[in-house]
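Since the structure comes first, as structure tokens, the remarks are kept for the end.
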Amino acid sequence: MKNKQAFTMKDYFPPSDFTKCNPPCKKSDMHPETLCKLNNARHIAGIPFVLNSAYRSPAHDRARGRSGTGAHTLGRAVDIRCNNSATRYKIITAALDAGFTRIGVADTFVHVDDSPTHAQGVVWTY
């Protein structure tokens, strides 16, 4: 699957998708390279991606008991809603094909990120 990137010029994510995240953010808070990969992953998967979480401020992150230095605080991560194994598989394989190198898997979402400052080639569970 590595380097099977399908590049699309389509932007599947209007600014309103980011205001629905928890906590709400702005599309402009996201890193452009991450948005490009996210659009490519959505294109490859061929299914809608509902974003549960995207950018989080360091202060918000710390207030929730996190480090305040995670990929979300860099605008390099999103959590995509997922509630069944077939959808989870499509999201994960598309994310890998699009170039995401960090995947977190939970019961209700898949975390994807491309943070250059965190460990690469990793998959974890929540």
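Side notes on the structure shown:
- You will find that of ALA86, ALA106, the residue that is more than 21 Å from TYR12 (Cβ to Cβ) and exposed (fewer than 15 other Cβ atoms within 10 Å of the Cβ) is ALA106 and no other.
- A count restricted to segment 109-126 and to residues that are buried (at least 21 other Cβ atoms within 10 Å of the Cβ) and touching an Asp or Glu at 6+ places or on another chain (Cβ under 9 Å) stands at 5.
- Cβ pairs under 6 Å, 6+ apart, first in segment 53-75 and modelled with pLDDT under 90, second basic (Lys, Arg) and surrounded by fewer than 21 Cβ atoms within 10 Å (Cβ to Cβ): GLY68/ARG62
- Going through (1) over 14 Å from the mean Cα position of the chain (by Cα); (2) outside any helix (DSSP H, G or I); (3) modelled with pLDDT under 95; (4) more than 19 Å from GLN120 (Cα to Cα) one by one, PRO14 falls short only on (3).
- Consider segment 23-70 and keep the residues that are β-branched (Val, Ile, Thr) and assigned to a loop (DSSP other than H, G, I, E, B). The one that is nearest to the chain's Cα centre (by Cα) is VAL50.
The values are calculated or read from the model by the stated rules, or taken from the named source; none is laboratory data. Values in this document were obtained by computation on a predicted structure and should not be read as measured data. Please note: Cβ atoms are built from the backbone with ideal geometry, for glycine as well, and neighbour counts cover all protein chains shown.
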